[in-house]
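Worksheet: one structure, shown below.
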Amino acid sequence: MATIFGSGIRRREDPRLITGLATYTDDVALPGLAYAAFLRSPYAHARITKIDTSAAKAAPGVVAVYTAADLEGKTGTVPCAWNPPNCDLKVPAHPILASDKVRYAGDAVALVVAETRAQARDAIDLIDVDYDPLGAEVDPEKAAQPGAPVFHDDVPGNIGFTWSCGGGDAAAEFERAEVKVKLRIVQQRLLPTAIEPRSAVASYNKGTGQLQLWVTSQNPHIHRFLCSLMLKLPEHRIRVVAPEVGGGFGSKIPAYPDEAAVSFASMQLGRPVKWTEDRSENYKCTIHGRDHVEYVEMCGMKDGRITGIRSTVYAGLGAYASTAGPGIPTILHGLVYSGAYEIPHIAVTVHGVYTSGTPIDAYRGAGRPEAAYLVERLVDTFARAAGKDPAAVRHLNFIPKEKFPHTVATGVTYDSGDYGPALDKALALIDYEGFRRRQAEARTQGKYLGIGIGSYIEICGLGPSQVAGAVGFGAGLYDSAIVRVYPTGVVRVYIGASPHGQGEETTFAQVVAQEFGIPVENIEIVHGDTETTPQGWGTYGSRTTAVCGSAVKIAAQRVKEKARKIAAHLLEASEDDLEWTGTAWQVKGVPGTAKSFGDLALAANVAWNLPAGVEPGLEANAFFDPSNFVYPFGTHVCTVEVDGETGEVHIERYVAVDDCGPHINPVIVQGQIHGGVIQGIGEALQEIAVYDDSGQLLSGTMMDYAVPKASQMPHVETDYTVTPSPVNPLGVKGCGEAGTIVSAAAVVNAVVDALAPLGITHIDKPLTPARVWAAIQAAKGGAR
Amino acid sequence: MIPATFEYIRAGSLAQALALLGSHEDAKVIAGGHSLLPVMKFRMAQPGTLIDIARVPELHGIDRHQGDLRIGAATTYRALLQSRLVSEGFPLLHECVEDIGDVQVRNRGTLGGSLAHCDPNSDLPAVMLVLGAKMVCVSAKGTRTVPAAQFFTSAFSSALQDGELLQEIHLPPLPAGAGTCYHTVAQAASGYAMAGAAVVVTKAGGKVTSAKVALTSSGDIGRVVDTSAFVGSDGGDAALAALGAAASALTDATGDLHAPADYRRHLMGVVTRRAAATALSRAK
Amino acid sequence: MKRPVTLQVNGAARTVEVEPRALLVHVLRDELHLTGTHVGCDTSQCGACTVLIDGHAVKSCTTLAVQAEGSAITTIEGLGSPDALHPLQQAFWDKHGLQCGFCTPGVIMTATDLLERNPDPSDEEIRHALEGNYCRCTGYVNIVAAVKAAAATLRAARAAA
C-alpha cells in the first residue's frame, strides 16, 4: 500500500477513452439543438462597407443570423486578462463580431444558426459582405517599423507595449567581455493543433436565466469569469462545463469571441446552439504560438564563463491581445533568460507588436521555450567562439546546487536544482565521447553528423497568486480541492484544475490513496464543471499537480486529522496516543484497536457518536497557494545526420533527462515528456505557419502544416534525476511542458553542429530540407 | 466541412455508368473519392451529380491479359499492394503505391481515380510512363487504348473525352533483368513529393542497355527524361550526375512554401540520380 | 433530397435517411450517436475519424454514407467495451498509449487493420502504418509499444486456438 505514490499504475480515465464512451464537447446532444457557423473574413485587414444577411435569413432551416449590429449594447468585448505592469500596454477593443473593420483573415463577421450543420454551412455562402481591403503585415518586426499599416486607431505604430527586465549592467559587461556572440533568431509562428478542434454548446434557459456552456476549455472557471464579462451575465448565472477535452497545449486557455457569440445566440433564441470549428477554421482562428523576431547577444570570458546576455525582441501579438497574450513574451519569457546558468548581467527588451495575423497566445511552454531556445543557441555559439566544448561550458556555468534557492539577475528565485547530474546522465546515455569520435571519422568521409545539447530550466507550477497580481495576471494562481468521504469509505475529490489528458484522475487518486490507505478504485476525481468544483484556475503552465495536487494532499490530510479526532473519541484515547498504520488509526502499539478509514467514514457520516465540537460528515477543502514557482530542469541531447544533398535531417537518437521532482506516476510523467519532446522536434524540423504578403495563411490545413507523424519521429529515450521542490507539500515540479522547453534547441544545435565544418553558425527553424539545403548552398558559396 | 448538395447515383454496370455519364452534363465520377471529396468539402468543386463507379464489376480485377498485366481502373491501392502479380511482376508499382497517402487512403483510393485526376504531384503518372502503361478508355462508342505518354496531357487534364471513362490499365512486362526504383523526397505535411523519379533500367556487360526515367512534381505532368546519353554509359557517377542534371533541367515547377523553385530543381537531380543508382543495383 | 441508406453498423443493420452529401462520420455521430469516432481535420489527414469498412480502415470524413451503403462498418464502440476490451484497447490502456484520447479510437481502428495484415509488425512498420493518424499528446512512443503488445497478445491467442 505504501507504494501507490510513485507507482506507474494504469490510468483510470482510459476505459471510457479507449471504447468511445467519453463525451467531448461536440458529442453533447440536447433536445432542440441548433447548429451555428461563422462567416469569417477572407481579408487580413479591411474595412467592412456592407453586410447583407437577408438571403441567408431566408435560406432553408436558418433560425437566425447575427452581426455586430445585433450584439450592440448587449455584449461586452473580448477581454485581455494579462496586463504586465510598467510597459504601457495598449489593449484595443476586440469585438465579438467585427463591426467596422476586420483585422485578420478569419475574424468573425456573422453567425448563422440553423436547424442542421449543413444548413448553417450553406447559409454562410448567402451572406453578402463588401470589404475595402487595407494593408496587411504579419511580421512583427516589420509591423513595428514606421510606414507599416496601422491596425488599431488607438495603437499608432502597432507597438502594444515595450517591456524590459534584467539585472547587473549588461552594457558595461558587453564592453568589458572577451568573447561576444550575436544571433538574429526567428521563432516562427506555430499552430497548436490540439487534435480536437474547439467547440461550444450553449444552452440558455430563459425561465431560470441560467446559461450552461459546454466548451473545449483548459480552465472552466476562467471561462466562466471571462464569459460573464463578454455576455454581461453574472457569474452565478453561468455554468461552464469542460467535458472531455481533446488536447489543448495552451490553445484552449483563452476565452474566444466564438463561445460568446454562440452563447449570445442561445440567449436570444432560448434553445441550445452548438458550434464546432473545422480544422481550417481552427488554423485561422484558434490562437497561434511563438512568433518572435529576436536580436540576441551573449558575452563572457575566454575560459568559457558566461557573463552577460541581452536582447531586443519583436513579439507578435497578432490582431488582438488574446487572454494571456501579453504575459507570454514578457513574464514567461524575459524572466528566464538566465537559464540554468549564473549570468550576472542581463538586459531584455521586448516590443509587443500588433500585426494582421491570428492572435498569439500560450502554446506549450509559452515564452519559456523561446527563452530556452535563444539561450541554448547562444551558449553553443558562445562555446564555439571561445573554443570550448559546449558540454563543458554548460557545466562551468551551471548554478551550483549549494546555491539554491537562488535569485538570478532577472530577479526570480529558483526553488531547487542540481543541474550537473542531469547533463552527465544525458551525455553518458548518448555516449558523448563515442559520438564525437564517430563524428570526426564521418567528417573525413564527407558525412554530416552532429550532436546537440539543450540544458534548461523552466518557470512553472504557476504560481503564487500574489506574484500573479504583481505581474498583472488578471486571475489567482492558487488551486483548490474538496475531499468528500462517503459513508462506505469511498471518496470523491472535486478539484479546481481541469486536466485534459495529463492523467490527474489517476495521479490525484494516488495521492489520496496514499493518504488514506485505500485502493485507488475507491477514489474518484471530479473536474471540469464550475457547478460542482471549487474555484480554481485551470490546467496550464505545468501547474496542476504542483498546485492543485498539493491542495488535494492538504485536504486529504485535513480529512485524516478529523478522522483521528473521531478515532480518539471512539477509542477513548488521546489523539496524541494514536498512530496511523497506513490504513487505520490505532492506539500506539495496540493493533487490536485499529479504526480503519472505512470505520471512521461511517462513524463521521452517521454522526451517532462524535466528539464534542466535531461536526458530522467527513470532508475537507483546501486552497493551496504556493510560496513560489517551481523550476524543473534537465538536459536533452540528440544526434543527427544531415543529408548534405537533400537537406534532410535524420534524428539518430534523442535522449531526455528531466528533473521534475518526485514522480507520483512515473509512466504518466514519461508520457508527458515523450509528447513534449515530439512537439519540440516538430517545431525544430517542420512546423511553421506561413502567411503570404496579403496576410493569407498559406499553411491553413494539415496538407501544408506539418504536424509530426509517427513515421517521421524518433523514439524518445527518457531518464530522470529527482530534486524535490521545497515550495509544495508533494515536492513536485511539473512535467507537462518540460519536454517542449529545450527540445527544439537540442535539435537545432545538433544540426548546426553537423554543419559546422561548412562554417554554418545558425539556421532558423524549422529546419526543413529546403532551408537546410539553402544554408549549405550559401555556406559553400561563401567559402568559394 | 460539408459539401454542397448534389445528386448521387451508383452505377451497377459499365453500361449504366456510361449511360449516366452521357445524360448528366454536370456529373463527376467518383470511385474512392479521395481526390474529389476533399475539394468538395471545401466547396471548391460543386458537381451537380456524382456517379459512383466503385462497384462497377468491369472496373475491378488484376489479371494477365495478352501478356500484359491488366488492372481495373477502380482497383484500390490496397488491392494492388496485396497482388503478387504486381509485387513480383512490377515491383516499381508496388514500391510507389506503398507510400501513397496512408493506410486509410490506400484502402479507398483507386489507381484509375488517381490517374484520371492527372495531379502533376501525384506519384503514379511517372511510374506509368516508365512502365509504358496503356490506358483503356471506354465510352458508349467503344474502347480505345491510349499510351501513358499521351494520356497525361497537362496538369489536371487527361486524354479522356466527355462521356469517357478510364476502364483498365495495361502494363507490358518489364524487360528481362530490369531494375526499377521510385524515389521521392516528400514534403512533411501532405506527403506529396517535392521531387520524385521513376526509373526502369537494364544493363549488360557493364553498360546501361536501356533506361526510362520520368518525374513527379516537375512542374507539369508526364515529364520524361532524355536518357539517350545514359544508355550505353557505364552507369557510374558521372553518367548518373549527367542524368540528374537532365532531370533538373527539365524541372520548372514554381516554388511553394515547402520547396522553392531552385531547391526543387536541385532535388529533382538528386532523387533522379539516386533512383537510377538504386535501379541499376537492382538490375540483373 | 434525403434517401434511406442501410449500413451494418457494429453488427446490426441500421437504416438512416440522409442526404447524399452526408459524410459517413456525421451519420455515425449525429444520426446513430456513435460519438467515439471523431473529426480532427478536413483534408483527410489526421485519421481521428477512422472506422473499418468491411474490415478495412477508412477515413469516415472522406467517405459519403451513400458510398458505404450495404457495407459493414465497425467503430470503436463495436471493437470492444470496458468489460470486454479488444486486445488493442487493452494494450493501449496497459502501455499508456493515450493521453487526451481524442485520436485514440482512430489509431486503434487503423492498428486493427494493420494487425490483420501483419501480425508481427516492427516498430518501423507500425509507425508507417500509423502515418495517417496524428497524435499530438503521446509523441507516438507508447502507441508503438501498445500496438506491439497487442500484436503479441493476438499472436498468442491465435497460437492457442
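Output the number of residues of the stretch B:127-154 satisfying the condition of being within 20 Å of residue B:36 (Cβ to Cβ) and free of Cβ contacts under 8 Å to residues at least 12 places away in the same chain.
0
Quick one: count up the residues across the stretch A:583-592 that are surrounded by 18 or more Cβ atoms within 10 Å (Cβ to Cβ) and either outside any strand (DSSP E or B) or among the β-branched types (Val, Ile, Thr) (or both). If you could, list the steps in order and put the result at the bottom.
Narrowing the stretch A:583-592 to residues surrounded by 18 or more Cβ atoms within 10 Å (Cβ to Cβ): A:584-587.
Right, trim to either outside any strand (DSSP E or B) or among the β-branched types (Val, Ile, Thr) (or both) and you get A:587.
Within the stretch A:583-592, residues that are surrounded by 18 or more Cβ atoms within 10 Å (Cβ to Cβ) and either outside any strand (DSSP E or B) or among the β-branched types (Val, Ile, Thr) (or both) number 1.
Condition first: surrounded by fewer than 23 Cβ atoms within 10 Å (Cβ to Cβ) and within 29 Å of residue A:576 (Cβ to Cβ). Now tell me which residues in the stretch A:516-525 satisfy that.
Correct list: A:517, A:522.
Sort through B:196, B:177, B:222, B:191 and tell me the only one that's touching a residue at least 60 places away in the same chain (Cβ under 8 Å), of a type outside the set (Asp, Glu), assigned to a loop (DSSP other than H, G, I, E, B) and closer than 20 Å to residue B:152 by Cα.
Details: B:196 fails: assigned to a loop (DSSP other than H, G, I, E, B); B:177 fails: closer than 20 Å to residue B:152 by Cα; B:191 fails: closer than 20 Å to residue B:152 by Cα.
Answer to the check: B:222.
Take the conditions closer than 19 Å to residue C:74 by Cβ, part of a helix (DSSP H, G or I), acidic (Asp, Glu) and more than 7 Å from every other protein chain (Cβ to nearest Cβ) and apply them to residue C:124. Does it pass?
No: the conditions fail for residue C:124.
Scan the stretch A:493-504 and tell me whether some residue there is among the β-branched types (Val, Ile, Thr) and in contact with a strand residue (DSSP E or B) (Cβ under 8 Å, 6 or more places away or on another chain). Don't jump to the end; show me each part of the working.
Restricting attention to the stretch A:493-504, the residues satisfying the condition of being among the β-branched types (Val, Ile, Thr) are A:493, A:495.
Within this subset, residues satisfying the condition of being in contact with a strand residue (DSSP E or B) (Cβ under 8 Å, 6 or more places away or on another chain) are A:493, A:495.
Yes: one or more hits.
Restricting to the stretch C:86-102, give me the number of residues that are over 10 Å from residue A:11 (Cα atoms), part of a loop (DSSP other than H, G, I, E, B) and facing chain A (nearest Cβ under 7 Å).
Looking only at that region, the number is 3.
For the stretch B:92-129, give me the residue count where each residue is small (Gly, Ala, Ser) and outside any loop (DSSP other than H, G, I, E, B).
Matching residues across the stretch B:92-129 total 5.
Any residue in the stretch A:687-705 that is of a type outside the set (Ser, Thr, Tyr), in contact with a helix residue (DSSP H, G or I) (Cβ under 8 Å, 6 or more places away or on another chain) and part of a helix (DSSP H, G or I)?
As a first pass, look at the stretch A:687-705 and keep what is of a type outside the set (Ser, Thr, Tyr): A:687-690, A:692-693, A:695-698, A:700, A:702-704.
Keeping just the survivors that are in contact with a helix residue (DSSP H, G or I) (Cβ under 8 Å, 6 or more places away or on another chain) gives A:689, A:697, A:700, A:702.
In the following step, the residues that additionally are part of a helix (DSSP H, G or I) were identified as none.
Scanning the stretch A:687-705 turns up no residue that is of a type outside the set (Ser, Thr, Tyr), in contact with a helix residue (DSSP H, G or I) (Cβ under 8 Å, 6 or more places away or on another chain) and part of a helix (DSSP H, G or I).
Within the stretch A:609-639, work out how many residues are part of a strand (DSSP E or B) and over 28 Å from the mean Cα position of the chain (by Cα).
Our first condition is that a residue be part of a strand (DSSP E or B); within the stretch A:609-639, this holds for A:619-624, A:630, A:633-639.
In the following step, the residues that additionally are over 28 Å from the mean Cα position of the chain (by Cα) were identified as A:619-620.
Adding up the residues that qualify gives 2.
Working only within the stretch B:1-29, note down all residues that are more than 14 Å from chain C (Cβ to nearest Cβ), part of a loop (DSSP other than H, G, I, E, B) and either in contact with a Cys (Cβ under 9 Å, 6 or more places away or on another chain) or buried (at least 18 other Cβ atoms within 10 Å of the Cβ) (or both).
Answer for the stretch B:1-29, where residues must be more than 14 Å from chain C (Cβ to nearest Cβ), part of a loop (DSSP other than H, G, I, E, B) and either in contact with a Cys (Cβ under 9 Å, 6 or more places away or on another chain) or buried (at least 18 other Cβ atoms within 10 Å of the Cβ) (or both): there is none.
Output yes when any residue across the stretch A:23-31 is more than 30 Å from residue A:115 (Cβ to Cβ) and not in a helix (DSSP H, G or I), and no when none is. Quick ask: steps written out before the conclusion?
First pass over the stretch A:23-31, keeping only residues more than 30 Å from residue A:115 (Cβ to Cβ): none.
For the stretch A:23-31, residues more than 30 Å from residue A:115 (Cβ to Cβ) and not in a helix (DSSP H, G or I): absent.
Considering each residue of the stretch A:320-351, count those that are over 26 Å from residue A:418 (Cα atoms) and either assigned to a loop (DSSP other than H, G, I, E, B) or out of contact with any Ser or Thr (no Cβ under 7 Å at 6 or more places or on another chain) (or both), and give that number.
Number of matching residues: 11.
Residues in the stretch B:36-75 that are part of a helix (DSSP H, G or I), away from every other protein chain (no Cβ under 12 Å) and hydrophobic (A, V, I, L, M, F, W, C): how many? Write out each step before concluding.
Restricting attention to the stretch B:36-75, the residues satisfying the condition of being part of a helix (DSSP H, G or I) are B:36-41, B:57-59.
The next check asks that each one be away from every other protein chain (no Cβ under 12 Å); those that pass are B:57-59.
Narrowing further to those that are hydrophobic (A, V, I, L, M, F, W, C): B:59.
Here the count works out to 1.
Can you tell which of A:372, A:383, A:392, A:362 is in contact (Cβ under 8 Å) with a residue 60 or more places away in the chain, assigned to a loop (DSSP other than H, G, I, E, B) and touching a Gly at 6+ places or on another chain (Cβ under 9 Å)?
Details: A:372 fails: assigned to a loop (DSSP other than H, G, I, E, B); A:383 fails: assigned to a loop (DSSP other than H, G, I, E, B); A:392 fails: assigned to a loop (DSSP other than H, G, I, E, B).
Within the list A:372, A:383, A:392, A:362, the selection yields A:362.
Being over 18 Å from residue C:44 (Cα atoms) and of a type in the set (S, T, N, Q) is the filter here; which residues of the stretch B:71-125 pass it?
B:75, B:82, B:83, B:87, listed by residue number.
Which residues, taken from the stretch A:755-784, are of a type in the set (A, V, I, L, M, F, W, C) and closer than 26 Å to residue A:387 by Cβ?
The first filter runs over the stretch A:755-784 and keeps only residues of a type in the set (A, V, I, L, M, F, W, C), leaving A:755-756, A:758, A:760, A:763, A:767, A:770, A:772-776, A:778-779, A:783.
Those that are of a type in the set (A, V, I, L, M, F, W, C) and closer than 26 Å to residue A:387 by Cβ: A:755, A:756, A:758, A:760, A:763, A:767, A:772, A:775, A:776, A:778, A:779, A:783.
Checking the structure you have, find out if any residue of the stretch A:117-130 is within 30 Å of the chain's Cα centre (by Cα) and under 30 Å from residue A:92 (Cβ atoms).
Here is the first cut: in the stretch A:117-130, the ones within 30 Å of the chain's Cα centre (by Cα) are none.
No, the stretch A:117-130 has no match at all.
Restricting to the stretch A:206-240, and then to whatever is assigned to a strand (DSSP E or B) and in contact with a Leu (Cβ under 8 Å, 6 or more places away or on another chain), can you tell me which residue is surrounded by the fewest Cβ atoms within 10 Å (Cβ to Cβ)? Even if it seems obvious, please write down each step before you answer.
Pass one, the stretch A:206-240, residues assigned to a strand (DSSP E or B): A:210-215, A:238-240.
Within this subset, residues satisfying the condition of being in contact with a Leu (Cβ under 8 Å, 6 or more places away or on another chain) are A:211, A:238-240.
Working: A:211: 22, A:238: 23, A:239: 18, A:240: 28.
Applying the filter and picking the extreme gives A:239.
For (1) more than 22 Å from the chain's Cα centre (by Cα); (2) crowded, with 24+ Cβ neighbours inside 10 Å, each residue gets a yes or a no:
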{"residue": "A:248", "(1), (2)": "no, yes"}
{"residue": "A:261", "(1), (2)": "yes, yes"}
{"residue": "A:267", "(1), (2)": "yes, no"}
{"residue": "A:281", "(1), (2)": "no, no"}
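Within the stretch C:129-145, does at least one residue satisfy the condition of being acidic (Asp, Glu) and under 16 Å from residue C:46 (Cβ atoms)?
Residues of the stretch C:129-145 acidic (Asp, Glu): C:131.
If we keep only those that are under 16 Å from residue C:46 (Cβ atoms) as well, we get C:131.
Taking every residue of the stretch C:129-145 in turn, at least one turns out to be acidic (Asp, Glu) and under 16 Å from residue C:46 (Cβ atoms).
Restrict the check to the stretch A:732-755 and report whether at least one residue is over 23 Å from the mean Cα position of the chain (by Cα) and more than 16 Å from residue A:636 (Cβ to Cβ). Steps first, answer last, please.
Step one: list which residues in the stretch A:732-755 are over 23 Å from the mean Cα position of the chain (by Cα), which gives A:749-755.
Okay, now just the ones that are also more than 16 Å from residue A:636 (Cβ to Cβ), so A:754-755.
Looking for residues that are over 23 Å from the mean Cα position of the chain (by Cα) and more than 16 Å from residue A:636 (Cβ to Cβ), one finds at least one in the stretch A:732-755, hence yes.
Pull up the stretch A:255-296, narrow it to residues that are farther than 19 Å from residue A:40 by Cα and either free of Cβ contacts under 8 Å to residues at least 12 places away in the same chain or part of a loop (DSSP other than H, G, I, E, B) (or both), then point me to the one that is nearest to the other protein chains (Cβ to nearest Cβ). Let's see the steps before the verdict.
So the first thing to find is which residues in the stretch A:255-296 are farther than 19 Å from residue A:40 by Cα, and the list is A:266-272, A:289-296.
Next cut, either free of Cβ contacts under 8 Å to residues at least 12 places away in the same chain or part of a loop (DSSP other than H, G, I, E, B) (or both) only: A:270-272.
Values: A:270: 22, A:271: 17, A:272: 14 Å.
Taking the candidates together, the pick is A:272.
Let's see how each residue does on (1) touching a His at 6+ places or on another chain (Cβ under 6 Å); (2) facing another protein chain (nearest Cβ under 8 Å); (3) of a type in the set (Asp, Glu); (4) part of a helix (DSSP H, G or I):
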{"residue": "C:39", "(1), (2), (3), (4)": "no, yes, no, no"}
{"residue": "C:46", "(1), (2), (3), (4)": "no, yes, no, no"}
{"residue": "C:52", "(1), (2), (3), (4)": "no, no, no, no"}
{"residue": "C:67", "(1), (2), (3), (4)": "no, yes, no, yes"}
{"residue": "C:70", "(1), (2), (3), (4)": "no, no, no, no"}
{"residue": "C:78", "(1), (2), (3), (4)": "no, no, no, yes"}
{"residue": "C:107", "(1), (2), (3), (4)": "no, no, no, yes"}
{"residue": "C:131", "(1), (2), (3), (4)": "no, yes, yes, no"}
{"residue": "C:136", "(1), (2), (3), (4)": "no, yes, no, no"}
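Mind telling me which of the residues A:528, A:536 ends up being surrounded by 21 or more Cβ atoms within 10 Å (Cβ to Cβ), on the phi > 0 side of the Ramachandran plot and of a type in the set (Gly, Ala, Ser)? Walk me through how you get there before you give the answer.
Numbers: A:536 fails: on the phi > 0 side of the Ramachandran plot.
Every option except A:528 fails the conditions.
Is it the case that some residue within the stretch A:547-557 is touching a Lys or Arg at 6+ places or on another chain (Cβ under 9 Å) and either surrounded by 17 or more Cβ atoms within 10 Å (Cβ to Cβ) or closer than 30 Å to residue A:248 by Cα (or both)? Before you say what the answer is, go through the steps one by one.
Initial filter on the stretch A:547-557 (touching a Lys or Arg at 6+ places or on another chain (Cβ under 9 Å)): none.
The answer is no, given that none of the residues of the stretch A:547-557 is touching a Lys or Arg at 6+ places or on another chain (Cβ under 9 Å) and either surrounded by 17 or more Cβ atoms within 10 Å (Cβ to Cβ) or closer than 30 Å to residue A:248 by Cα (or both).
Let's see how each residue does on (1) touching a residue at least 60 places away in the same chain (Cβ under 8 Å); (2) within 10 Å of the chain's Cα centre (by Cα); (3) closer than 21 Å to residue B:215 by Cβ; (4) surrounded by fewer than 24 Cβ atoms within 10 Å (Cβ to Cβ):
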{"site": "B:94", "(1), (2), (3), (4)": "no, no, yes, yes"}
{"site": "B:107", "(1), (2), (3), (4)": "no, no, no, no"}
{"site": "B:110", "(1), (2), (3), (4)": "yes, no, no, no"}
{"site": "B:125", "(1), (2), (3), (4)": "yes, yes, yes, no"}
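Readers should treat all values here as calculations from the given coordinates under stated rules, not as data from a laboratory. Just so we're clear, the structure is a prediction, and the values are computed from it rather than from any experiment. All Cβ positions, glycine included, derive from the backbone under ideal geometry; neighbour counts span all protein chains shown.
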